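Reading through the structure tokens given below for one structure.
The values are calculated or read from the model by the stated rules, or taken from the named source; none is laboratory data. Computed from a predicted model, the values in this text were never measured in an experiment. Glycine also receives a Cβ, built like all others from the backbone with ideal geometry; neighbour counts cover every protein chain displayed.
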């Protein structure tokens, strides 16, 4: 009986799907769970915080540069115009997170499409698409994004679009490497043998098996996009009609030596958001790493 039980245990473990193994690894990663909890708090605060603490982030409600803790109605103080910082923080979190998510989505769509075609077809297609990728990779990302935002006029979508356009080359190279590794495996050869078309093989056979590292890349891209949006807003290229954490920093940057709080609090919000996303990305990277799962 004991011998049969011993033989059955490895079989049950091997039958566990890769997704369940990854989830089991992720649940054991304490920093990743901290990142999930922190990001959940931030998202909930941006979604529902305005219902608890209502206020117009553009309304002048008090004297300019009121320090934190001096007025009970405005615990974090006011900015250079006398606007409530808490109202700006709660309202500005949504647009900031939205820019990060949309920019990451654009990055993944362009990068996966370019990398998948290059890695699968190889030859002149690979050479052409990789030369295009290298062209975008050597461009000054911030300068190119500034030009795009200026030409398209500043808005949340144009900022997200500009960030996505300058950020996809790394994803394309990662996708290409995964396709080069997978395209000659037995199950892909079997799909060709039964007459599956290239389109089906690329998007339904190879891509699902190449997704784990791409998911990690997408997670980290969100953090990079949030920092990018803050940088563009700091340079005065944010949408002046939509409050965001980056816009708060950019609008108050000239007064930072006189009043630190209008810049520090949204800066801390960006820091903790990017920090949480990075912890989640590292946790996903460990969870999808087969060598770590074997340990």
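Of all the residues in segment 253-267, those that are modelled with pLDDT of 90 or more and closer than 18 Å to residue 226 by Cβ number 5. Of everything in segment 206-223, what is closer than 25 Å to residue 181 by Cβ and under 16 Å from the mean Cα position of the chain (by Cα)? Give them in sequence order. Those that are closer than 25 Å to residue 181 by Cβ and under 16 Å from the mean Cα position of the chain (by Cα): 211, 212, 213, 214, 215, 216, 217, 218, 219, 220, 221. Taking the conditions exactly as written (assigned to a loop (DSSP other than H, G, I, E, B) and surrounded by 15 or more Cβ atoms within 10 Å (Cβ to Cβ)), does residue 154 satisfy them or not? The answer is yes for residue 154.
Within segment 237-253, the residues that satisfy the criterion of being outside any loop (DSSP other than H, G, I, E, B) and touching a residue at least 40 places away in the same chain (Cβ under 8 Å) are 245, 246, 247, 248, 251, 252. Does segment 138-146 contain any residue that is over 21 Å from the mean Cα position of the chain (by Cα), in a helix (DSSP H, G or I) and surrounded by 13 or more Cβ atoms within 10 Å (Cβ to Cβ)? Checked against the condition, which is being over 21 Å from the mean Cα position of the chain (by Cα), in a helix (DSSP H, G or I) and surrounded by 13 or more Cβ atoms within 10 Å (Cβ to Cβ), segment 138-146 yields no hits at all.
Scanning segment 41-53 for residues that are closer than 22 Å to residue 79 by Cα and surrounded by 10 or more Cβ atoms within 10 Å (Cβ to Cβ) returns 42, 45, 46, 49, 50, 53.
Are any residues in segment 275-295 modelled with pLDDT under 70 and either in contact with a helix residue (DSSP H, G or I) (Cβ under 8 Å, 6 or more places away or on another chain) or not in a loop (DSSP other than H, G, I, E, B) (or both), and if so, which ones? Within segment 275-295, 290, 291, 292, 293, 294 meet the criteria. Being farther than 29 Å from residue 267 by Cβ, free of Cβ contacts under 8 Å to residues at least 60 places away in the same chain and either over 20 Å from the mean Cα position of the chain (by Cα) or buried (at least 16 other Cβ atoms within 10 Å of the Cβ) (or both): is that true of residue 115 here? No; evaluated as a whole, the condition is false for this residue.
Residues being out of contact with any strand residue (DSSP E or B) (no Cβ under 7 Å at 6 or more places or on another chain) and crowded, with 17+ Cβ neighbours inside 10 Å: count how many of those fall in segment 69-89.
Matching residues across segment 69-89 total 7.
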